[in-house]
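To start, the structure under review is shown below, and the notes come after it.
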Amino acid sequence: MVTIPIMALVKQVEAISQQKFDKVNLRPKTLELRIIVDAVNLMSEKLSSLFNRLSNQTERYRNFAYSDDLTKVGNRRAFDLAFEQILGDSEHQSIGYLMFVRLSSLNQVNHTQGFLEGDAYINTVRDVLSEHLHQQNIDFTLYRLNGADFALILEEIDSVTCLDLCQQIIDKCNAFEKFEYESGTAHIGVGSFTFGDNKKVILEQVDNALNQASISQLRWQAVNQLQVVKSNDTWRQQIKSLLANNTADFIGQPIKSFSGVELYQEWLARFPDPDGDGDGDGDGDGEQYLPMAELIPVAIRLDFSQKLDELLVQCAFKKLSQHNGHIGLNISRLSLLKPSFQTWLLTQLTQLGAKRANLVLEIPERSLFGDTTNFLEFIAKVKKLNVKITIERFGAQVASITHLRAIKPDYLKLDGRFTKNIHAEKDNQLFVHSLVNIAHGLDIKVIAEKIETQQEAKTLEMMKVDYIQGYLVGRPESIDS
């Protein structure tokens with residue numbers, strides 16, 4: 001029948017409009033239809049090739065500007081951008097740890113064994129660091145600062161986990177130590193950082209710890225040994241109390257177009273301190289809320305993170321039922337990747353009813369890495385419920401474009417390290433412009449976060465970014481105020 005190949009062509013054209021470049025394999029009997037099918041297939045092939053070239057060009061440029069040639073991890077420039085952005089991030093006010101790993105015998109190996117052996121040594125340590133941290137489900141970013149030095153930015157871990165990690169890495173490195181490594185395989189210096197810290201001071205402190213580690217029997221040294229402020233038992237009791245209280249508050253920060261129209265508010269959770277003593281010294285004079293930068297890594301270590309995310313979702317959905325606008329909700333990567341949480345969240349979304357059309361789920365870019373088959377199926381089910389999706393901190397890892405095409409999020413939120421002072425950063429302008437082109441080619445809108453100046457906003461508007469978020473358009477405020 002003539003209608004069969006025509007319907008196949010219609011479906012193919014619809015797929016092309018959604019950036020799916022499949023071919024029609026059906027061969028019509030009539031010459032005229034065969035010509036049309038061949039022409040549409042050729043168009044699909046050329047569009048697919050064009051899109052892939054644009055994607056590859058973006059990844060090649062990122063590798064050129066921000067990646068180390070040998071190890072393919074971030075280079076010194078990428079580290080500086082990331083660390084400065086974290087220390088200046090007034091929204092998340094992160095607490096984390098900076099770890100320097102020095103290959104103790106690299107100079108000796110280069111001189112006595114040759115540079116090829118030295119390169120193999122470097123890549124082996126890179127693999128040890130990456131594989132172990134992935135196995136531990138630790139949120140990390142790895143950089144190579146110079147010939148012998150790696151840097152790790154560690155987020156969402158606490159001091160106990162950090163100190164244990166130092167010893168674990170040294171043990172892993174010792175396991176492949178060779179006779180030629182006269183000064184050992186590696187040594188480590190580590191120190192904590194928090195929002196507002198001076199970058200130069202932190203680098204000097206960790207570097208001093210690294211130098212001390214070179215003469216330490218342990219082969220690692222921490223700045224001031226990272227004092228533990230609260231015991232596990234204290235934290236465990238506090239988390240159990242806030243779960244029993246079954247309440248969470250939120251502050252909201254708007255995301256707006258350049259004309260001032262609000263897209264949605266990102267809601268950030270705050271958990272009331274069950275003891276009314278946020279500073280943990282027992283005198284009752286602390287802040288009203290538990291410090292999230294400390295609570296999150298402790299909850300992960302003590303295996304409460306999913307329960308906290310479930311509490312966050314339940315409280316947000318309850319408030320959403322009384323809220324008129326659209327909201328964005330952040331959920332941790334660890335919870336999103338758990339089948340038990342996925343099942344639970346789909347049930348909650350179904351029960352939310354029509355209000356779920358006002359919900360935007362913000363997903364960390366890191367969720368797109370590794371074995372994502374189950375995760376992609378979960379996101380597809382969420383989207384069928386009319387919930388919108390934002391991939392946040394996009395660009396920090398350059399998630400696979402294939403995953404973007406599979407997920408088809410509604411929004412990409414560019415990582416703040418690439419948008420800060422973008423009017424003066426030519427490399428960042430080229431990179432962001434490429435990401436915007438790819439996103440728009442997939443009908444995905446682009447959000448730039450951490451925008452604080454008119455110069456940044458004007459540059460991003462010229463680059464066709466769709467929305468901005470930051471102090472320039474609105475500070476975080478209590479949603480109940």
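Since every read-out is calculated from the coordinates, none of them should be taken as a lab result. Just so you know, these numbers come straight off a predicted model, no measurement behind them. Don't worry about glycine lacking a Cβ; one is built from the backbone with ideal geometry, like all the others, and counts go over all protein chains shown.
Please find the FRET efficiency linking THR343 to LYS426, where r is the Cβ-Cβ separation and R0 is fixed at 45 Å, and quote it to the nearest 0.05. Walk me through the numbers on the way to the answer.
Numbers: r = 47 Å, r/R0 = 1.04.
Working from the Cβ atoms, E equals 0.45.
Quick check: pseudo-label points 7 Å beyond the Cα along Cα→Cβ at TYR289 and GLN113, how many nm apart are they?
5.1
Calculate the spin-label point distance for LYS199 paired with ARG236, positioning each point 7 Å from the Cα along the beta-carbon direction, and give it in nanometres.
4.1
Nearest 0.05, what FRET efficiency do LYS384 and VAL261 give at R0 = 45 Å with Cβ-Cβ as r?
For LYS384 and VAL261, the calculated efficiency is 0.95.
Would you please give the residues with an amide H less than 5 Å from that of LEU263, counting only those at least 5 places away or on a separate chain, with H modeled from the backbone geometry?
Sorted by chain and number, the residues that satisfy this are ILE255, LYS256, SER257.
Could you give the length gained by full extension between HIS134 and LYS355, i.e. 0.36 nm per residue of separation minus their alpha carbon distance, to one decimal place? Walk me through the numbers on the way to the answer.
Working: separation 221, 0.36 × 221 = 79.56 nm, distance 3.67 nm.
Value of the extension gain: 75.9 nm.
How would you rank VAL465, VAL313, going from fewest to most other Cβ atoms within 10 Å of each one's own Cβ?
Working: VAL465 26, VAL313 22.
Ascending Cβ contact count within 10 Å gives the list VAL313, VAL465.
Using only alpha carbon pairs under 8 Å that are at least six residues apart, calculate the relative contact order of region 76-225 and give it in whole percent. The partial results should precede the final answer.
Numbers: 241 pairs, mean separation 49.3, N = 150.
Contact order relative to length: 33 percent.
I'd like the distance separating the alpha-carbon centroids of region 289-323 and region 76-144, in whole Å.
30
For a footprinting-style exposure proxy, rank MET99, MET463 by other Cβ within 10 Å, fewest first. Kindly include the intermediate steps, with their values, before the conclusion.
Details: MET99 26, MET463 18.
Lowest to highest Cβ neighbour count: MET463, MET99.
Pull out the extension gain between THR30 and ASN208, defined as 0.36 nm times the separation in residues minus the alpha carbon to alpha carbon distance; nm, one decimal. Could the numbers behind the result be given before it?
Working: separation 178, 0.36 × 178 = 64.08 nm, distance 7.84 nm.
Difference between extended and current length: 56.2 nm.
Past the 26 Å Cα-Cα mark, which pairs from LYS172/LYS200; LYS319/LYS464; LYS383/LYS413; LYS200/LYS450; LYS199/LYS426; LYS318/LYS445?
Details: LYS172/LYS200 30 Å; LYS319/LYS464 34 Å; LYS383/LYS413 18 Å; LYS200/LYS450 22 Å; LYS199/LYS426 23 Å; LYS318/LYS445 28 Å.
Checking Cα-Cα distances, LYS172/LYS200; LYS319/LYS464; LYS318/LYS445 exceed 26 Å.
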